[in-house]
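For reference, the structure is listed below as structure tokens.
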Amino acid sequence: MQAAFISWPARWEGAQSCRDEGRLEPAMYALMWLLPITLAMAGGGLALFLWCTRSGQFEDLEGAAWRILQDDKPHRPSRREPDHHEG
């Protein structure tokens, strides 16, 4: 545990030299990529939500719940399906 405390100030010295030379710290590089990606994903999510509301995706919220409880219509075999009677 003490080794971590000894090397910790050394990290700050490297960051200070980056600031003195005008370079960005490594954390700033991550923010430069993550912030636009996050904003693009949020904008995409908002656009998808608006499209869903305008196209009527949220109009019938209980219909699917009631449809699953209904019995299926009896299946009549078509002429192409073979009749599976044993005999």
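What follows is calculated from the coordinates using simple rules that are stated; it is not laboratory data. On a predicted model such as this, the values are computed, not experimentally measured, just so you know. Cβ: placed from backbone, ideal geometry, glycine included. Neighbour counts: every protein chain shown.
Can you tell me the length gained on complete extension of the stretch Leu24 to Phe49, counting 0.36 nm per residue apart and subtracting the Cα distance?
Taking 0.36 nm per residue and subtracting the Cα distance, the gain is 5.3 nm.
Starting with the fewest neighbours, write out Phe58, Phe49 ranked by other beta-carbon atoms found within 10 Å of each beta-carbon.
Taking fewest neighbouring Cβ atoms as first place, the list is Phe58, Phe49.
What percent of all Cα-Cα pairs in region 17-67 falls into each 5 Å bin, going from 0 up to the bin containing the maximum distance?
Going out from 0 Å in 5 Å bins, region 17-67 shows 4, 16, 12, 12, 11, 9, 8, 7, 6, 5, 4, 3, 2, 0 percent.
From the phi angles alone, apply the Karplus equation (6.51, -1.76, 1.60; θ = phi - 60°) to region 25-32 and give each ³J(HN,Hα) in whole Hz, x where the residue is Gly or Pro.
6, x, 5, 5, 4, 5, 5, 5
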